[in-house]
Structure formats: structure tokens, C-alpha cells
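Colleague: Could you have a look at this structure, given as C-alpha cells, before my questions?
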Amino acid sequence: MAGQLHTQLLLSRQYCRVFSVISSHIHTSSGLGAKDHYKVLVLGGGSGGITMAARMKRKVGAQNVAVVEPSEVHYYQPIWTLVGAGAKSVASSGRPTASVIPSGVTWVKSKAAEFDPKNNTVHTDAGKKISYDYLIVALGLELHYEKIKGLPEGFEHPKIGSNYSVKTVEKTWNALKNFKEGNALFTFPNTPVKCAGAPQKIMYLSDAFLRKTGKRSKANIIYNTPSPKLFGVKKYADALWEIVKKRDLNINLRHNLIEVRADKQEAVFENLDKPGETKVYKYEMIHVTPPMGPPAVLKGSLLDDEAGWLDVNKNTLQHKTYANVFGIGDCTNLPTSKTAAAVAAQSAVLDRNISRILKKQTPDKIYDGYTSCPLVTSYNTVILAEFDYDGQPLETFPVDQSKESRVMYHMKADFMPLLYWHGLLKGFWGGPGPYRTIMHLGMK
């Protein structure tokens, strides 16, 4: 199966290269033909950047919008949880960036290197200076495997993987399917993360796989997290604790991964409640969730907060200092979980508020912090967590979503990818808010 996945990935990447060459004359901005000014400049070609480019195209015209993004391939990252468990192929998660850039919108194939918001300009790593009327920052976040001693070089060894990178997600599946006997370790970092449920989703899936293959009795499944909680929202945390107890999973709170000795199959954790105390765990398999942080280009710029994240108003998503700068997604300091669902809801808010600003009106749409995490608990069940800034459930369906559901699993595995590619990236999906109102007969 690994060979098949490898072949699919190679074919996908070859397709991506061919598509990019064919499409480059439509999108790519370089050389003498490049414009130096755009009404709306979008930084980042991830979910937030592409959906806002599509929405802004409809507002100001494709010729007045540009997206700055260096990557040739755009990935639907939420599916990597299932890739790491062998339920989906990594090839299915990627499409050429050229295919998702809205038609007519300029693709500047570079990285943003420097901000000059006082002069409404951005400098790229190719030495180009681009000016704008409005700037949308959608740069995502950065993974920092290197902050764990022994990584990323440890990934050269077997029995270790990570669902957070296209380079390491198949290694998770290889480690799981080749598991024989011993500890299966799953980690969570002591930093903000994107999709905070993903580190434990792979634990539940691994448990299910080991039961299905008759190896569960030989496995000791351990989840180590620096957090004092299993999950941030009590309603869902309570449900997850019940699953943990039922399936004999071992949870160690306030334990932070600081080193991986991949050659010895050892992982070292610090006890955050007892500074200086460490514990070494032997493992037969380990899934590592890396520390994460804001984009390097944001840190120390005129746009960041004290922690390096884009400093935006949590209600309007407008920058707190520069009124023509806006933020969306993982790069922002919005106090909510960083997910694609959050991006969808934020895109609808930004669409409305930028539209009003274009008309010289005051932004009036408020983002309530809506985010969602489909907590995959097996190969056919999901707990669909939805909540707001206050950690209060904000559920779409008129059922108790803290219960494991087969329907929700199929929504996660089969429907959400379609909604992503054909709804969110096209600028047509702004989250389930309107449908929630209908489902609950107008009541919150």
C-alpha cells in the first residue's frame, strides 16, 4: 500500500508541475509584465488567502487582486489525520496552486519578505516592491520541529511520524501498520497549534487500527500533553475522557516533549508542574506534533503583537493600527482555535467588513470566534466540536454533538473535502452560521 501511495503522490506532483506550467501564463506575475500596485493584495495562498482572493475578485475585479504565495501545491491539510491512519491517500490532499488561484487574479510566486504598512507596500524575497490599497494577511503559521532536540533529523528513522507535514504524514502510517509491541506515544506541543484536536485524533485512530489487527493487547497507548486539560471545551472534554477510560488510553497532562532519540526509540518529556524533572519513554511508535509559531516575516514587523502574531481586532478582523490591513486564519492573534472552519467563518466577516470599508462605511459584522474540530474517534465515528470565543458550544445540528456519530464521520471524510475545494476556496462558504439558525428554529 505504501508503494501505491508513493506512486499516487509522484503522479500528483507530476500533474501539479504540468498544470502549473500550463497555467502560469494566466496567473504568474514576474518580469516586465508584472504590476506594481493592486487594489487588494493577499499574502498567502492557503485556505484563508484563496477564499479571500475569490471574494475580493467579485468585489473589485480580478485584475485588481494579487496573491503572493511561493508554493506550487495547495494542500487540504485536515485530511492528513486520515492519511496518517491509512484511510486516505496523501495524493488526494494536494492540487496545483495554479488551479486554486481564482481565474484572472495575479499569482506572485514569491514570499513576502518585509512589510512597510506606513507606505502601503510589501517587499518580496525576489526583490519586488508591491503597493496596495488594502492588504489581507493570510500567512498561516510555521512548524518548528527543530525546537525538539533530535528533530527533524529523527524522521530519517522508522517508527516516528507526524501528520502535520506532507513530508512526514506517511511515516505515521508506516509506523502504525508496522507496530508490533510496546508503547505508542502521541504528543502535543507547548505552543499554539493549528487544529488542536488532531494530536489526539491519531491516537484514537491508532487504537482502532490496533484493535482491528489484533495487536491492541500488546500496545500501551500514551498521550502526553503540556495542557492541564484533555480538550479546551468541557462538554467535549467530558465525552473524550469517557472514551479514554473505555479504551484504556493513558493520558499524562502537563508533560511536554523536549527530545526524541530516534536511534534508541526514546522520547524525553519535561514535567511542567515539577521544573527540572524529566522522564524518558521507550516507544515502538511515536506521533509528534511540532511546536508552532507565527510566520518569521511577521515577527518584529509593524503588524505583529508582542508574541509575533498579526495584531487584529477580534471582532472585525481589522488591524488595530493600520485600518487598511486585515487578517484571517492561523497567522492572527484571534483567541480561538486555528482551524479551516474558523477561516470559513472569518472569511464571511471580512467579506462584509471590507465591502463596507470600500464604500466608506464602518465595519459592522462581528466574528464570534466560531471554530470547529471534527474529533475523529475511530474509522467510522466523529465527535463534532463547535464552539465560540468563550469556549461555549455553538453547534450546527439539533442533536448532542458530543456523542460519537457515524454521520459526522462521513461528513468529515467525504463531504468536507468537497465543501473545501468547491465552496470555501471559491469564496462561497462562510461557515454554517445561517444553517445553524435554521436548524435551531432561529434560536442560538
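Colleague: Along the Cα→Cβ direction, 7 angstrom out, place labels at residue 144 and residue 421. What is the inter-label distance in nm?
Modeller: Computed distance between label sites residue 144 and residue 421 equals 3.5 nm.
Colleague: How much solvent-accessible surface does residue 35 expose, in Å² to the nearest 10, with a 1.4 Å probe and all protein chains in place?
Modeller: 80 Å²
Colleague: Any idea what the dipole of the chain comes to, in debye rounded to 20, about its Cα centre with Lys/Arg Cβ at +1 and Asp/Glu Cβ at -1?
Modeller: I would put it at about 900 debye.
Colleague: Hey, quick one: spin label on residue 313, modelled 7 Å out along Cα-Cβ, who in the range 120-147 has an amide N within reach, i.e. under 18 Å?
Modeller: Residues passing the 18 Å test: 134-137.
Colleague: I've got another one for you. Taking amide H positions as placed 1.01 Å from N in the peptide plane, with prolines and chain starts having none, which residues 5 or more places from residue 132, or on another chain, fall under 5 Å of its amide H?
Modeller: So residue 132 has HN proximity to 38.
Colleague: A follow-up question, please. Would you mind working out the accessible area per residue for the range 342-444, using a 1.4 Å probe, and quoting it in Å²?
Modeller: 47 Å²
Colleague: Kindly provide the helix-only [θ] at 222 nm of the chain, computed as the sum of -39,500 (n - 2.57) over DSSP H runs of four or more divided by all residues, to the nearest 500 deg cm²/dmol?
Modeller: Taking each H run of at least 4 residues, the total per residue is -8000 deg cm²/dmol.
Colleague: Looking at 353, 286, 384, which one has the Cα that reaches farthest to the positive end of the dipole of the chain (charges on Cβ: Lys, Arg +1; Asp, Glu -1)?
Modeller: Farthest towards the positive pole: 384.
Colleague: Given 0.36 nm per residue, what is the gain on full extension from residue 58 to residue 299 after removing their alpha carbon distance, in nm?
Modeller: Contour length minus the Cα-Cα distance gives 83.6 nm.
Colleague: Which one of 64, 122, 134 has its Cα pushed farthest toward the positive end of the charge dipole of the chain, where Lys and Arg give +1 and Asp and Glu give -1 at the Cβ?
Modeller: Sorting the options by dipole projection puts first 64.
Colleague: Whole angstrom only: what separates the Cα centroid of the range 406-438 from the Cα centroid of the range 269-342?
Modeller: 25 Å
Colleague: Enumerate the calculated ³J(HN,Hα) couplings along the range 156-162 in order (Karplus 6.51 cos²θ - 1.76 cosθ + 1.60, θ = phi - 60°), each rounded to whole Hz, writing x wherever the residue is Gly or Pro.
Modeller: Per residue, the Karplus-derived 3J(HN,Hα) values read 6, 8, x, 6, 9, x, 7 Hz.
Colleague: Here's a follow-up. Using a Debye calculation, one point per C-alpha and no hydration shell, please list log10 I(q)/I(0) for the range 38-179 at q = 0.18 Å⁻¹ in order.
Modeller: -0.99
Colleague: What FRET efficiency comes out for the pair residue 362/residue 400, r = Cβ-Cβ distance, R0 = 56 Å, nearest 0.05?
Modeller: 0.90
Colleague: With both partners inside the chain, how many of the DSSP beta bridges are antiparallel, as a percent to the nearest 5? Intermediate results must be reported in sequence, preceding the final value.
Modeller: Numbers: 34 of 69 bridges.
Of those bridges, close to 50 percent are antiparallel.
Colleague: Compute, for residue 428, the solvent-accessible surface of its heavy atoms (probe 1.4 Å) with the complete set of protein chains present, and express it in square angstrom to the nearest 10.
Modeller: Solvent-accessible area, nearest 10 Å²: 140 Å².
Colleague: Take every Cα pair under 8 Å in the range 306-387 that's 6+ residues apart, average their separations, divide by the length, and report that relative contact order as a whole percent.
Modeller: Details: 125 pairs, mean separation 20.7, N = 82.
That works out to 25 percent.
Colleague: Tell me which residues come under 5 Å, amide H to amide H, from residue 160 once H is placed; ignore anything under 5 positions away on its chain.
Modeller: It is 286, by chain and number.
Colleague: Which far-off residues, 5 or more places away or on another chain, put their amide H under 5 Å from the one on residue 326, with H placed in the peptide plane?
Modeller: For residue 326, the qualifying residues are 135, 136, 137, 319.
Colleague: For a distance above 30 Å, tell me the whole-number percent of Cα pairs in the chain that qualify.
Modeller: 44 percent
Colleague: Using Cα centres only, tell me the gap between the range 137-165 and the range 65-100 in whole Å.
Modeller: Computed from Cα coordinates, the inter-centre distance equals 17 Å.
Colleague: What is the dipole size for the range 155-291, taken about its Cα centre, with +1 at each Lys and Arg Cβ and -1 at each Asp and Glu Cβ, in debye to the nearest 20? Don't skip to the answer; put the middle values down first.
Modeller: Numbers: 24 positive and 14 negative charges, 104 e Å.
Dipole magnitude for the range 155-291 comes out near 500 debye.
Colleague: For the range 54-123, what's the relative contact order in percent, using C-alpha pairs closer than 8 Å and at least 6 residues apart?
Modeller: With pairs under 8 Å counted, the relative contact order is 38 percent.
Colleague: Might you tell me the accessible area per residue for the range 215-335, computed with a 1.4 Å probe and given in Å²?
Modeller: Roughly 43 Å² per residue, with all protein chains present.
Colleague: While we're looking at this one, here's another question. Which percent of the accessible heavy-atom area of the chain goes to carbon and sulfur, probe 1.4 angstrom?
Modeller: Carbon and sulfur together cover 53 percent of it.
Colleague: Output ³J(HN,Hα) for the range 395-403: one whole-Hz value per residue in order, computed from phi by the Karplus curve 6.51 cos²θ - 1.76 cosθ + 1.60 with θ = phi - 60°, and x for Gly and Pro.
Modeller: 7, 7, 9, x, 9, 7, 6, 7, 8
Colleague: Short version: ³J(HN,Hα) in whole Hz for each residue of the range 323-331, in order, from phi by Karplus 6.51 cos²θ - 1.76 cosθ + 1.60 (θ = phi - 60°), x for Gly and Pro, what are they?
Modeller: Per-residue couplings from phi come out as 5, 9, 10, 9, x, 8, x, 5, 6 Hz.
Colleague: Still on this structure, please answer the following. Heavy-atom accessible area of residue 90 with all protein chains present, probe 1.4 Å, nearest 10 Å²?
Modeller: Around 0 Å² of this residue is reachable by solvent.
Colleague: If you take the charge dipole of the range 368-423 about its Cα centre, with +1 on Lys and Arg Cβ and -1 on Asp and Glu Cβ, which of 373, 397, 416 is farthest toward its positive end?
Modeller: Toward the positive end, the furthest listed residue is 416.
Colleague: Oh, and also: What accessible area per residue, rounded to a whole number of Å², is obtained for the range 76-196 using a probe radius of 1.4 Å?
Modeller: 38 Å²
The values are calculated or read from the model by the stated rules, or taken from the named source; none is laboratory data. All figures in this text were calculated on a predicted structure; none of them were measured in a lab. Note that we place each Cβ from the backbone using ideal geometry, even for glycine, and neighbour counts take in every protein chain shown. Side chains included, ligands, DNA and RNA excluded: accessible areas come from the protein's heavy atoms. Shrake-Rupley method; radii C 1.70, N 1.55, O 1.52, S 1.80 Å.
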